[in-house]
Every structure is written in structure tokens, then in C-alpha cells.
Amino acid sequence: MRFTLFSSVLIAMLCTSFTFYSLQSYDIADDYAVKFETNGAKGTFTDLTGTVVFDPSNLEASKFDVSVATASIDTGNKTQNKHAKGGSWLDAKSNPRISFVSSAFNKTNGEYAVSGDLTIHGITKTVAIPFLFENSTFSGSLTVLREDFEIKGPFLFGGFVGDEIEVSLRVPVR
């Protein structure tokens, strides 16, 4: 009887001494911006979806698993949009989503960075994206090289666009 009473008290003390912590899971707000710019083209992507779990005090448990519809590209020019979605550029038919899945987070000097797998044009590369999280908004940018993802473009026009693609992200969450 003493052992049972002692065991019950010990278990109760252990349970109440642990702080149960729940991670913050966010919904992506409608006013997000996923923009890109090269030497010869610029535009946006829409249809951003995914899972955003982030806690600045528990980075190990944080997770991003997000994507945009490749066909949602908008350069402001119908002809450019058609070409960008086509087989010689992003090939939206065969690669319907551009995705990012995080693998690690860190914080240095008040700025965060997330590492993970970026998949574009059916090719996955590990990238690091520095970002800020202020006022319930994630903002960051990265440079993507077209050649890393085998995005060639048409023979005569591919070189006009440039290889470096600057991607900027502003993702409010609720």
C-alpha cells in the first residue's frame, strides 16, 4: 500500500512538473508575396499553400513545408507567362509545384535562417534562406541559379533572362 501511494504521488509530481508545450501552427494569410526578378524578367507566383510551424524559442521543432503552383507565374505579359510555363522553362505540366521543405532552423544576430530542400523543375537542391519574423510576417530572399535547376529557356532567348533569379518572400501568417 505504501509503495502504491508513493508511486501515485511521484507520478503526479512528475506530471505536474513538466511544462507541456504546443508549437504555433500558422495559416498563410491571403496578402503574401512571392516575387522573382532576373535581368530580363520579373513577376510573381500565386497559389502559395502549405504548413508553417514556427516557434522562435523552439527552432528544432519548427517546420516549413510550402509550395506554389508553377502555372501561377505572372510576369504581367501573357506571352511571357505562356513561355515560362512551357517545357523549355519551368514545364508546369510536368512539374506542377515549386516546393520547399525545411530541415533545420538557426538564429544569428536577430535574424533567422532556414535550410531545406527546394524543388524546381523536378530538381531538388538544398538551400538556405535568411529571414525575419516580425509582426506575424516572414520576410526573406534568396538567389536561385537557373542552371542548378536545368531551366534552360529557348536557345535564342534563354541568355537574355540571366542565370541569377532573385526571389523575395513576404508571408504574413495568422
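Figures for the structure shown
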{"quantity": "Test: residue in the stretch 79-86 that is touching a strand residue (DSSP E or B) at 6+ places or on another chain (Cβ under 6 Å) and either small (Gly, Ala, Ser) or on the phi < 0 side of the Ramachandran plot (or both)", "calculated": "no"}
{"quantity": "Residue in the stretch 93-114 that is over 20 Å from the mean Cα position of the chain (by Cα) and in a helix (DSSP H, G or I) present", "calculated": "no"}
{"quantity": "In the stretch 108-118, residue surrounded by the fewest Cβ atoms within 10 Å (Cβ to Cβ) [restricted to those that are of a type outside the set (Phe, Trp, Tyr) and in contact (Cβ under 8 Å) with a residue 40 or more places away in the chain]", "calculated": "GLY116"}
{"quantity": "Condition check for PHE105: farther than 22 Å from PHE149 by Cα and surrounded by 19 or more Cβ atoms within 10 Å (Cβ to Cβ)", "calculated": "yes"}
{"quantity": "Residue match in the stretch 121-134 (condition: among the hydroxyl-bearing types (Ser, Thr, Tyr) and either closer than 22 Å to ASN39 by Cβ or surrounded by 16 or more Cβ atoms within 10 Å (Cβ to Cβ) (or both))", "calculated": "no"}
{"quantity": "For ARG97: the one exception among (1) without any contact (Cβ under 8 Å) to a residue 40 or more places away in the chain; (2) farther than 30 Å from VAL161 by Cβ", "calculated": "(2)"}
{"quantity": "Test: residue in the stretch 151-163 that is over 13 Å from the mean Cα position of the chain (by Cα), on the phi < 0 side of the Ramachandran plot and among the basic types (Lys, Arg)", "calculated": "yes"}
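Values quoted throughout were computed directly from the atomic coordinates according to the rules given, and no laboratory measurement underlies them. Owing to the predicted nature of the structure, the values given are computational and were not obtained by experimental measurement. FYI the Cβ positions are ideal-geometry reconstructions off the backbone, even for glycines, and counts take in every protein chain you see.
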